[in-house]
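To start, the structure itself, in structure tokens.
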Amino acid sequence: MKRMVPLLLDGVPEALGESEPFLAFQDRLARVAGVQRPVLIVGERGTGKELAAMRLHFLSGRWQRPLVTLNCAALSPGLIEAELFGYERGAFTGATDRRIGRFEAADGGTLFLDEIGNVPLEVQEKLLRAVEYRVIERVGGATPVRVDVRIVAATHADLPAMAAAGAFRRDLLDRLSFEVLRLPPLRERRGDVALLAGRFAQAMAAELGRKEAPRFSAAALAALEAYSWPGNVRELKNVVERAVYRATGPLIRDLVFDPFGSEAGQPASLRARTEEAPPPQGLEGRESDLFARPLPEAVRELKKRLLARALERCRWNRRCAADLLGLSYDRFRSLYRRMQAELPPQDR
């Protein structure tokens, strides 16, 4: 919907990626956004579940109404009910005034319940009634309150297993899972690491008042691509911002994945080596044969080898390869088109 564009670009952070798993997730999200039914977003910590919920809201017909968030893992079980449904004056010690809960605050809009697996069973029953009948009761009250709220829930837990074990209501799970969207972890999003790292580096450099963001050396970029990212996008952002902050020149050569480890004692798997790895024998190796060729032919051959090497290091992500070669994307694309027929098949 065209009216969504300004909202998504004006003050609302948006997820970034161009890998097939990421784009497939965004396509599914866009399809269900306009359907006024509950959606369950599942994914590991740090994958961007809240960003996905925000996108669902702003692509829906409720985009002009409130988007209210509650992190169920951040509250004690005794507080979740009062936060969700509100309370009447005198409902408990300290309840000196009536207070509306998140359901009433989100009336007409979307309520995002993050880490919904932490909701206690006794509260799940009231939550089911709210989803089923759009009616709530404040804590300490007996008067039904009608609410028009779309529920978007998220979790990293295995809710079907919890339901089988009796730790989560099966009927509530059925109601919440009209559509289940699985956010792919960063390790499955081939090519997105370099793209995200470049964006995070630019943002951090701007925050620090630097005119240009430092670029990643080939070894540093390879280390970013090879890392498993158990903390997903959130962890990548921290690693990149730390690297930009510590960089003293135009090139990032060193990465610290574990800030709690000693600088000298961290395993090699947790640090990017400061020196570049020697070029492998093959397409990038044995440049001495270039001297036997006429200069124009040798220059063309060298360009082809550098292009192929950059594409291989970036796992054939063209924007990443352009950054690695220090070219604008337009210049890289022009070079790629001229050389495409001469590149190995996997680079095309």
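Coordinate-derived values only; no laboratory data. Nothing here was measured: the structure is a model prediction, and the numbers come from that model. Cβ sites come from the backbone with ideal geometry, for glycine too, and all protein chains shown count toward neighbours.
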> When Lys and Arg each count +1 and Asp and Glu each count -1, what net charge do the other residues less than 13 Å away from residue 35, Cβ to Cβ, add up to?
Replying inline: +4
>> If you restrict to DSSP beta bridges whose two residues both lie in the stretch 1-145, what percentage is antiparallel, to the nearest 5?
In response: 25
>> Could you work out the relative contact order of the chain? I mean the mean sequence separation of Cα pairs under 8 Å and 6+ apart, divided by the number of residues, in percent.
In response: 16
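Which whole-number percent is the relative contact order of the stretch 155-270 (Cα, under 8 Å, 6+ apart)?
After rounding, I find 22 percent.
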> What are the residues whose amide H is under 5 Å from the amide H of residue 252, where those residues sit 5 or more places off or on another chain and H is modelled from the backbone?
Replying inline: 215, 216, 217
>> Taking the 0 to 90 degree range and rounding to the nearest ten, how far is the long axis of helix 295-313 tilted relative to the main principal axis of the chain, both from C-alpha atoms?
In response: 30
> Taking R0 as 41 Å, what's the FRET efficiency between residue 312 and residue 246 from their Cβ-Cβ distance, rounded to 0.05?
Replying inline: 0.90
>> Counting only other residues whose beta carbon sits under 9 Å from that of residue 225, what net charge do I get with K and R as +1, D and E as -1?
In response: +3
> Arranged by the count of other C-beta atoms within 10 angstrom, fewest first, what order do 217, 76, 228 take?
Replying inline: 76, 228, 217
> With the dipole of the chain worked out from charges on the C-beta (+1 for Lys and Arg, -1 for Asp and Glu) around the Cα centre, which of 117, 296, 95 lies farthest toward the positive end?
Replying inline: 296
> Where Lys and Arg each count +1 and Asp and Glu each count -1, what net charge lies around residue 189 among other residues with Cβ under 10 Å from its Cβ?
Replying inline: -2
> Between residue 41 and residues 5 or more places away or on another chain, which pairs have amide H atoms under 5 Å apart, with H built 1.01 Å from N, and which residues are they?
Replying inline: 153, 154, 155, 181
> Which order do peptides 101-112, 56-67, 161-172 fall in by mean Cβ count within 10 Å, highest first?
Replying inline: 101-112, 56-67, 161-172
> Roughly what would the spin-label model give for residue 303 and residue 210, points 7 Å off Cα along C-beta, in nm?
Replying inline: 3.1
> In the stretch 55-83, which residues have a backbone nitrogen under 19 Å from the label point lying 7 Å from residue 199's Cα in the Cα-to-Cβ direction?
Replying inline: 55-59
> Size of the stretch 119-273 along its principal axes in angstrom, Cα-based, largest extent first?
Replying inline: 65, 36, 29
>> For a test of the definition: using alpha carbon positions, the gyration tensor, and the 1.5 limit on a/c, classify the chain as rounded, prolate or oblate.
In response: prolate
>> Suppose R0 equals 51 Å. What FRET efficiency, 1/(1 + (r/R0)^6) with r the Cβ-Cβ distance, do residue 26 and residue 295 give to the nearest 0.05?
In response: 0.60
> Based on DSSP, what percent of beta bridges with both residues in the chain are antiparallel, to the nearest 5?
Replying inline: 15
>> What's the ranking of 194-201, 254-261 by average number of surrounding C-beta atoms within 10 Å, highest first?
In response: 194-201, 254-261
